[in-house]
């Protein structure tokens with residue numbers, strides 16, 4: 001299969017169809033606000049919109065442009081919940097803390113789509129469900145338990161699919177069964193980022209691009225964020241940098257491991273070919289440890305994605321493996337000249353749970369959605385604004401914790417690469 005043009009992590013199909021970027025100036029003067037927000041992705045921009053709703057003046061500093069990072073490069077799948085099923089979360093956190101976390105994560109897509117509808121965001125949003133298929137007996141058992149947990153514990157009207165129904169929904173015999181979570185859906189991730197910026201600015205927030213924060217400091221009750229030789233002073237600072245976190249908060253970057261998700265995209269497929277692939281139109285993520293995800297964009301491009309590397313520089317071999325996986329599922333793609341391939345960074349936490357930190361009064365950070373960032377980071381951004389506005393820590397659905405660097409963090413990547421190879425072997429053997 002021939003690739004048209006050079007393949008790099010920057011070459012995203014989303015940039016071909018995204019709504020125009022709003023005009024965001026460069027930070028070039030001293031500013032005072034109620035809330036300073038660092039990071040112009042899903043969390044930071046949703047935080048700004050929530051500040052508008054609360055009557056707080058917010059200023060967003062984005063190092064590149066809104067949606068430059070993982071918020072504009074992901075697969076666009078809006079998935080409910082966390083990596084752990086609700087019964088497991090209750091075992092981990094108990095009823096008092098586990099139930100609010102389950103509700104927060106499970107309802108995150110509904111709240112995200114509600115915000116999109118409320119503000120009329122143009123981002124091809126569809127809350128049409130999310131499909132998770134099984135590839136073997138082990139993963140079939142996993143999804144059956146997962147669907148039952150959400151149905152029985154949270155009254156989610158899940159749908160279970162047998163082998164024939166799964167084939168009818170996906171167009172491939174690779175999968176043996178599946179379940180559908182109606183709370184999920186899909187959107188154009190870069191358009192969503194840009195529309196968030198537009199809505200934030202329309203509501204009174206200021207959003208600056210090419211404006212990296214270089215330092216944060218506190219004097220009394222006032223925080224100062226240094227940027228481009230000027231100061232942004234505020235009563236609270238929200239750090240929303242996730243997989244792109246640096247040294248602004250001591251130990252934050254060392255408390256998580258940045259990884260990449262890579263995607264390949266076909267050109268828009270002919271209608272007769274498109275009808276044979278994912279006939280249901282649902283976004284799909286399989287149940288393996290190292291999952292593959294699939295969806296169509298509204299123009300008819302097939303997108304396939306998977307875990308990338310931990311050194312964040314994707315070799316061409318990773319993209320070749322991804323395209324081979326697509327053809328293995330759908331042999332009719334064998335003659336297609338793929339159009340684009342790219343990667344985006346997300347953040348892994350050691351416990352696979354999102355973290356909200358409050359290391360000092362008025363300083364908050366949200367990180368680590370472990371690959372489920374659209375809905376969760378959107379709602380975590382709003383949560384940070386509520387905390388800055390006076391929400392009590394004990395009322396937060398995600399427990400506030402100290403920043404805890406991962407021991408031997410500099411070597412963590414090598415350990416994860418070894419685990420990835422082990423997981424890949426287990427997936428291939430059906431265990």
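The values are calculated or read from the model by the stated rules, or taken from the named source; none is laboratory data. The model shown is predicted, which means the values in this text are computed figures rather than measured ones. Every residue, glycine among them, receives a Cβ derived from its backbone with ideal geometry; neighbour counts consider all protein chains shown.
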Requested in this report: Please work out if residue 237 is assigned to a strand (DSSP E or B) and within 19 Å of residue 381 (Cβ to Cβ).
Outcome: yes
### Task
Looking only at the stretch 55-70, decide whether some residue is in contact with a strand residue (DSSP E or B) (Cβ under 7 Å, 6 or more places away or on another chain), modelled with pLDDT under 95 and either assigned to a loop (DSSP other than H, G, I, E, B) or within 25 Å of residue 283 (Cβ to Cβ) (or both).
yes
Exercise for the section: Looking only at the stretch 42-49, decide whether some residue is in a loop (DSSP other than H, G, I, E, B) and in contact with a helix residue (DSSP H, G or I) (Cβ under 8 Å, 6 or more places away or on another chain). Expected result: no
Expected output for the stretch 90-108 (first residue more than 16 Å from residue 376 (Cβ to Cβ) and not assigned by TED's automatic domain parsing to the domain that holds residue 42, partner modelled with pLDDT under 95 and surrounded by fewer than 17 Cβ atoms within 10 Å (Cβ to Cβ), Cβ below 6 Å, 6+ apart or cross-chain) is 97/399
Checked against (1) touching a residue at least 40 places away in the same chain (Cβ under 8 Å); (2) under 20 Å from residue 191 (Cα atoms), residue 118 satisfies every condition except (1)
Inside the stretch 226-240, the number of residues satisfying the requirement of being under 15 Å from residue 358 (Cα atoms) and surrounded by 23 or more Cβ atoms within 10 Å (Cβ to Cβ) is 5
Within the stretch 272-288, the residues that are surrounded by 18 or more Cβ atoms within 10 Å (Cβ to Cβ) and farther than 21 Å from residue 126 by Cβ are 287, 288
_One residue is enough: does the stretch 207-225 have a residue meeting the conditions surrounded by 24 or more Cβ atoms within 10 Å (Cβ to Cβ) and more than 23 Å from the chain's Cα centre (by Cα)?_
yes
- [ ] Return a yes/no flag: does the stretch 186-205 have any residue that is out of contact with any helix residue (DSSP H, G or I) (no Cβ under 7 Å at 6 or more places or on another chain), closer than 24 Å to residue 273 by Cα and in a strand (DSSP E or B).
- [x] yes
Taking the stretch 291-300 and keeping only residues that are surrounded by 22 or more Cβ atoms within 10 Å (Cβ to Cβ) and assigned to a loop (DSSP other than H, G, I, E, B), one is left with none
Of the candidates 217, 211, 177, the one satisfying the condition of being more than 21 Å from residue 112 (Cβ to Cβ), touching a strand residue (DSSP E or B) at 6+ places or on another chain (Cβ under 7 Å) and free of Cβ contacts under 8 Å to residues at least 24 places away in the same chain is 217
Reported set for the stretch 364-385 where residues are part of a helix (DSSP H, G or I) and within 25 Å of residue 305 (Cα to Cα) is 373, 374, 375, 376, 377, 378, 379, 380
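Yes/no per residue for (1) assigned by TED's automatic domain parsing to the domain that holds residue 19; (2) in contact with a strand residue (DSSP E or B) (Cβ under 9 Å, 6 or more places away or on another chain); (3) part of a strand (DSSP E or B):
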site	(1), (2), (3)
243	yes, yes, no
250	yes, yes, no
282	no, yes, no
289	no, no, no
303	no, yes, yes
When the stretch 341-363 is checked residue by residue, the ones that are outside any strand (DSSP E or B) and surrounded by fewer than 21 Cβ atoms within 10 Å (Cβ to Cβ) are 350, 351, 352, 353, 361, 362
Does residue 367 satisfy being in the same structural domain as residue 39 (by TED's automatic domain parsing), in contact (Cβ under 8 Å) with a residue 12 or more places away in the chain and surrounded by fewer than 22 Cβ atoms within 10 Å (Cβ to Cβ)?
no
